[in-house]
Amino acid sequence: MQDKNNLIVYCEWDGSRVADVSLELLTKGRQLANARGIQLEALVIGSDLDDVESQLFPYGVDTVYKIDDPRLFPYTSLPHASAVINLFREIEPEICLMGATTIGRDLGPRVSSCLHSGLTADCTALEIGDHTDAVTKTEYHNLLYQIRPAFGGNIVATIVNPEHRPQMATVREGVMRKEIIDQDYEGFVKDLDPAKYVDPESFVVKIIEREVEASKVNIKGAPIIVAGGYGVGSKENFKLLFELADVLGGEVGASRAAVDAGFVEHDRQIGQTGVTVRPKLYIACGISGQIQHIAGMNESSIIISINSDPEAPINTIADYVITGNLEEVIPRLIKYYKKNSK
Amino acid sequence: MSLRIVVLAKQVPDTRNVGKDAMKADGTINRAALPAIFNPDDLNALEQALQLKDAHPGSTITLVTMGLPRSAEMVREALYRGGDGGVVLTDRPLGGADTLATSYSLAQTIRHLPDGYDIIIGGRQAIDGDTAQVGPQIAEKLNLPQVTYAERVTVSDGKATIKRRLENGFEVVECPLPLVVTVTGSADACRPRNARLVQKYKYAVTPSELEGLDDRRKALVQSRPELLISQWGVADIEADPEQIGLKGSPTKVKTVVNVVFQAKESKRLDGGDDAGLEDLVKELITDHIIG
């Protein structure tokens, strides 16, 4: 088994569970590692990591690296960065994936700066492919294509890191799908000595207060989403959407414009800077359809757009376009649903 | 204790309000149709700096920006709101930089600030790239601690206390100075321009801007040195040519494509069409989409 040049996922630890985004990246990482013929590795840094490997092996992880120390949970930038950097200098990963979260987007750039390796933020797709430098004509094989939207979502760029390793990328939660590949998959566990990897001088930032609660909203897993945009008009009007979602057994989502306007809380935001969703039914209410929003929902099975503007851009990707005011349309949909469902 | 505060800011195209004329007929971006603005998160960062200056009389705010020569506008904007000066880093070899080369160039600039620094504050991310990488990378290059996603920054006894916005909550951290802080868009909005300061600084220019102006303006700037905005190039920051611009960028753009979503053939209904709406609901129930 080779110890170097593998694909490693930095796994976020909330004290008892590995974060969903990390499991999604392990699923993607397994596919990429197979395509490259390399091993899939997971790195977990935190405390109380006793049986963390049992959460990771089903995703096809070949090696779990653990660094377990009470001072390493909750996450702080410098101790985690020093541990990742020291480990990477030893195992020289070919590819490193992290969640595009407040942790991954804090840690990734620090690590990439120190190792002088490229990092691409918020990728929406990752593939393996070849590359020829346009100027030098040098050919590179089996690079990680880091595909991401840029320029407010109006373009999609494919980024490569031809010369530097690891090739690093972050991906938002919900962009990749998590999938257990084998409940009985077994890999190796390497319990690393914190004293050897974590710089003792790195504990400079002290957490003096912390309030984190499990998300109340589960947009990502909802089969039906009723989403509102700026066109909903007010927090008050959003109640209509909550009513419809409640009747249909769905969740309420929102565009960035609606969140920025304060109509609903941030964890309902769908799109490139929010969550990516793929429900079986997506009802877009008063959403014009900025490209950033569409990128986060266009894989929905059925899309209904309710908009007073018949020319709203979102209508072009909708299966059903209802032209009218939400106040007249939503109560009717509720009425007909109650009448016709058993 | 007065503080030497450095604010990092970027002039960006306004990608949030991309109108129909922003895309050309051939599908490429019409940059000219997008106004250049002060990156939104950087305005939140400037406000945190101004609040620190309010709380610590005698503090100074130096704005550092890298970009085209017209980024001098960024320094003027900071002066109008209570900043004290700035550096525009602009030079051809700096172009085409990815986040790593950008952070190196900015770190070199900060190292060369004549008065040094106690706290470096930037926005979380810029809207043209949304990477959020340059702040932490500068911190690493300067060997400083970093606190990202900051919503409120206060300083006392040589320590910063910072409230951070996390996905499902917040945390408050304490960190000794100096450090790098990146501020999120949910922090306090930036105060407006101050009319008195606009009067005071409206003729502030960089040396290259001054070249094109008449003798009266040149004499004015000569008599009031606070009106001269520093403009630095590669030589001023003693940058390693291997680490700047395209050459210093490990990431390369392989391809760029415009985003086009597959249009569907939509069934259209009027909001007042009761029978149509009922049929739609029935259809969704029959297809087991709902119900």
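The values are calculated or read from the model by the stated rules, or taken from the named source; none is laboratory data. From a predicted model like this one, the values you see are computed outputs, not experimental measurements. Positions of Cβ are backbone-derived with ideal geometry, glycine not excepted, and every protein chain shown enters the neighbour counts. Quick note on the areas: whole protein, heavy atoms, side chains included, nothing else; ligands and nucleic acids left out. Shrake-Rupley method; radii C 1.70, N 1.55, O 1.52, S 1.80 Å.
P(r) for the protein assembly as shown, please, calculated from all Cα pair distances in 10 Å bins and given in %.
Result, from short to long distances: 3, 15, 24, 25, 19, 10, 3, 0, 0 percent.
Which shape class applies to segment B:90-151: rounded if a/c is under 1.5, otherwise prolate when a/b exceeds b/c and oblate if not, where a ≥ b ≥ c are the square roots of the Cα gyration tensor eigenvalues?
oblate
Among all the lysines, which ones have a C-alpha under 30 Å from B:Lys200's C-alpha, if same-chain residues fewer than 8 places away are not counted?
Partners within reach: B:Lys10, B:Lys53, B:Lys218.
Among A:Ile330, A:Ile147, A:Ile155, which one shows the biggest mean-square fluctuation in a GNM of chain A, springs joining Cα atoms closer than 10 Å?
Result: A:Ile155 has the largest fluctuation of those listed.
With the Cα gyration tensor of segment B:4-243 giving a ≥ b ≥ c as the square roots of its eigenvalues, does the rule (a/c under 1.5 for rounded; else a/b larger than b/c for prolate; else oblate) give rounded, prolate or oblate? Mind showing how you got there, number by number?
Numbers: a/c = 1.40, a/b = 1.13, b/c = 1.23.
In terms of gyration-tensor shape, rounded.
Please give the average number of partner chain Cβ atoms lying within 10 Å of the Cβ of each residue in B:172-182, rounded to a whole number.
Average per residue, whole number: 3.
Within 12 Å, Cβ to Cβ, of B:Ser223, how many net charges do the neighbouring residues add up to if Lys/Arg are +1 and Asp/Glu are -1?
With Lys, Arg at +1 and Asp, Glu at -1, the neighbours total +3.
Suppose a student asked you for the relative contact order of segment A:216-260, using Cα pairs under 8 Å spaced at least 6 residues apart; what percent would you report?
51
Got a sec? Which residues in segment B:104-122 would a label at B:Glu226 touch, if it sits 7 Å along Cα→Cβ and we count backbone N under 20 Å?
B:114-116
Does anyone have the angle between helix B:99-111 and the longest principal axis of chain B? Alpha-carbon axes, 0 to 90°, nearest 10?
In chain B, helix B:99-111 runs at an angle near 20 degrees to the longest axis.
Pop out a list of residues from segment A:111-153 that are at least 30 Å² less accessible with all the protein chains around than in their chain alone; 1.4 Å probe, no ligands or nucleic acids counted.
The answer is A:Ser113, A:His116, A:Leu119, A:Ala121, A:His131, A:Arg148, A:Phe151, A:Gly152.
Leaving out same-chain residues fewer than 8 places away, which aspartates and glutamates sit with a Cα under 12 Å from that of B:Lys247?
Correct list for B:Lys247: A:Glu163, B:Asp98.
For every other residue with a beta carbon closer than 15 angstrom to the beta carbon of B:Ser59, add +1 if it is Lys or Arg and -1 if Asp or Glu, then tell me the sum.
-2
If packing is taken as the average count of other Cβ atoms within 10 Å, what order do B:103-115, A:199-211 fall into, highest mean first?
The densest-packed peptide leads the list: B:103-115, A:199-211.
Could you work out [θ]222 nm for chain B from helices alone, using -39500 (n - 2.57) per DSSP H run of at least four and dividing by all its residues? Round to the nearest 500 deg cm²/dmol.
-8000 deg cm²/dmol
Please give the net charge around A:Thr323, taking every other residue with its beta carbon less than 10 angstrom from that of A:Thr323, where Lys and Arg add +1 and Asp and Glu add -1.
Combined, the nearby Lys, Arg, Asp and Glu give -3.
Filter A:Lys280/B:Lys264; A:Lys28/B:Lys264; A:Lys239/A:Lys335; A:Lys220/A:Lys335; A:Lys239/B:Lys267 down to the pairs with a C-alpha to C-alpha distance above 19 Å, please.
Too far apart for the 19 Å limit: A:Lys28/B:Lys264; A:Lys220/A:Lys335; A:Lys239/B:Lys267.
What ranking do A:74-82, A:22-30, A:129-137 get when scored by the average of other Cβ atoms within 10 Å per residue, highest first?
Ranked by mean Cβ neighbours within 10 Å, highest first: A:22-30, A:74-82, A:129-137.
Residue-wise, which Karplus ³J(HN,Hα) couplings in Hz belong to segment B:132-147, taking 6.51 cos²θ - 1.76 cosθ + 1.60, θ = phi - 60°, and x for glycine or proline?
After applying 6.51 cos²θ - 1.76 cosθ + 1.60, I find 6, 9, 5, x, x, 5, 5, 4, 5, 5, 8, 6, 10, x, 10, 10 Hz.
Give the interface area between chains A and B as buried accessible surface, both sides summed, probe 1.4 Å, in Å² to the nearest 100.
Buried surface at the A/B interface: approximately 7000 Å².
What angle do you read, to the nearest 10 degrees and between 0 and 90, between the alpha-carbon axis of helix A:20-36 and the longest principal axis of chain A?
60
Counting only protein heavy atoms, what percent of the accessible surface of segment A:206-342 is carbon or sulfur at a 1.4 Å probe?
Carbon and sulfur: 49 percent of the exposed surface of segment A:206-342.
Using only the Cα atoms of chain A, build the gyration tensor, take square roots of its eigenvalues as a ≥ b ≥ c, and label the shape rounded, prolate or oblate: rounded if a/c is under 1.5, else prolate if a/b is larger than b/c, else oblate.
Because a/c hits 1.5 or more and a/b exceeds b/c, chain A counts as prolate.
Is there a simple number for the mean count of other chain Cβ atoms within 10 Å of the Cβ of residues in A:276-289, and what is it?
1
Just tell me how shielded B:275-284 is by partners: mean number of partner chain Cβ atoms within 10 Å of each residue's Cβ, no decimals.
Partner Cβ neighbours, averaged per residue: 6.
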